[in-house]
Amino acid sequence: MLAWLIQSYQRLGLAGSLVILAGVLLSALFYRGKEGERYSITRHFISELGELGVSRMAPLFNASLILAGLLFILMLIGVGFDMNTPWGYIAMSAGIVTAAASMCVGIFPMNQINPHTIAAMTYFRSGLVTVLLFSVAIILQPAARRVIPLYVLFFGVLSLAAYTAFLLYAGRAAKKQAQNVLDTEKVRARPRFWWMAFLEWLVLISTIVWFLVVCSAR
């Protein structure tokens, strides 16, 4: 099984990326908000695609998160054991937590806001740690056995910047509003351009790109 994961993690990462992209695109295409509005990455959170009773394709979106998370767990195990270094194993462990948290986002959609928020914030925080640790692992690979090339670090830096920007913005917003910033029920007037929603999308896009580069670089 382990040998198969090492040989197959490229395909697993690609499959996970395609699953989540299909779930997002189809859900966004058929989305109509509470005011009949179409979906926009500058005005809606990603998780709103999975809000039962609002998003028409919510079950599909939530199922795509769960399936993609499982595929990414298998992918990360393959990457970690292929690197076969202490830092690679540490990064792999953080990645498993991140992928499991993304699965929980699908299991607990926005209708269950408290567990959903815990899952989502766990994902964002552990996601930042995962990309950081894998970047360290890539730098510290033995020169004679470099599994992942150094140019992958560029995409890691982009992803780290997206995670950091989102978490900083969310933290400031939480202090300012003194409430759950992911709970759209408490939003009285949705901004025309919502930085927090847009930054969340940057996290997703940069993470998928990072996964694809890691999988294609071997």
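The values are calculated or read from the model by the stated rules, or taken from the named source; none is laboratory data. Keep in mind that this is a model prediction, so the values were computed, not measured. Every residue, glycine among them, receives a Cβ derived from its backbone with ideal geometry; neighbour counts consider all protein chains shown.
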| note | Within the range 131-150, residues exposed (fewer than 14 other Cβ atoms within 10 Å of the Cβ), part of a helix (DSSP H, G or I) and not basic (Lys, Arg) come out as Ile139, Ala143, Ala144
| message | For the condition within 30 Å of Gly88 (Cα to Cα), at pLDDT below 90 and basic (Lys, Arg), what is the one hit in Arg145, Arg192? | response | Arg145
| query | Looking at the range 127-176, which of its residues are within 18 Å of the chain's Cα centre (by Cα) and polar (S, T, N, Q)? | reply | Thr130, Ser135, Ser159, Thr164
| field | In the range 108-125, residue surrounded by the most Cβ atoms within 10 Å (Cβ to Cβ) [restricted to those that are without any contact (Cβ under 8 Å) to a residue 60 or more places away in the chain and assigned to a loop (DSSP other than H, G, I, E, B)] | value | Phe108
| Single condition Thr42 does not satisfy, out of (1) touching a residue at least 24 places away in the same chain (Cβ under 8 Å); (2) more than 26 Å from Ala189 (Cβ to Cβ); (3) not charged (D, E, K, R) | (2)
| field | Residue satisfying condition, being hydrophobic (A, V, I, L, M, F, W, C), surrounded by 14 or more Cβ atoms within 10 Å (Cβ to Cβ), without any contact (Cβ under 8 Å) to a residue 24 or more places away in the chain and part of a helix (DSSP H, G or I), within set Leu204, Leu128, Leu153 | value | Leu153
| field | So Ile96, is it touching a helix residue (DSSP H, G or I) at 6+ places or on another chain (Cβ under 8 Å), surrounded by fewer than 20 Cβ atoms within 10 Å (Cβ to Cβ) and in contact (Cβ under 8 Å) with a residue 40 or more places away in the chain | value | no
